[in-house]
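**Q** Sharing a structure with you now.
Bear in mind these aren't lab numbers, they're just calculated from the coordinates by the rules spelled out. The shown structure was predicted, so the numbers you read here are calculated from the model rather than taken from an experiment. Glycine gets a Cβ as well: all are built from the backbone with ideal geometry, and neighbour counts include every protein chain shown.
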């Protein structure tokens, strides 16, 4: 995965060629429009990341903020990281159903949706999914997922 040395999301966008920047900027706008209060935009893992700040929840397994959503422009495609669905079967099912209902092919790893154009995504459903998890709920899901590791 390409990693950017940009210090913020706006600088990240400026490093992209115009056509790729337009897609990444639209994705950023979608995320920011639907992002619940309490998450912050940052650059982490070499890409724009929307996360629970360490000041709010410092007890992570790796000392890094809890990543809720992130995106990256890859060499030939884009990736949208939806960490919240990896811990919630119902939300993953809803995402899969949204793709099927829209007649779109889902290319997904555990929480990474890969796509080539914005038309490959059911944008309204993704916006609803992003909006659906307040910070407190996300932290509670994270804590349940880590319970066996303590």
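**Q** Zone of residue 7 (label point 7 Å along Cα→Cβ, backbone N under 20 Å): which residues in the stretch 25-41?
**A** What the label zone holds, given the 20 Å backbone N cut-off, is 40-41.
**Q** Now for a different question. Can you work out the FRET efficiency for the pair residue 22 and residue 61, with r the C-beta to C-beta distance and R0 = 35 Å, to the nearest 0.05?
**A** Given R0 = 35 Å and the Cβ-Cβ separation, E is 0.45.
**Q** Calculated from the structure, percent of Cα pairs over 27 Å apart equals which of (i) 16; (ii) 31; (iii) 20?
**A** (iii)
**Q** Using 7 Å Cα-to-Cβ label points, what is the residue 132/residue 74 separation (nm, one decimal)?
**A** Taking the simple label geometry, residue 132 and residue 74 are separated by 2.4 nm.
**Q** Using the Cα gyration tensor of the stretch 1-61, with a ≥ b ≥ c the square roots of its eigenvalues, what is the shape: rounded (a/c below 1.5), prolate (a/b larger than b/c) or oblate (neither)?
**A** Cα axes put the stretch 1-61 in the oblate bin.
**Q** In a Gaussian network model over the chain where Cα atoms closer than 10 Å are linked, find which of 22, 42, 72 has the largest mean-square fluctuation.
**A** Residue with maximal mean-square fluctuation among 22, 42, 72: 22.
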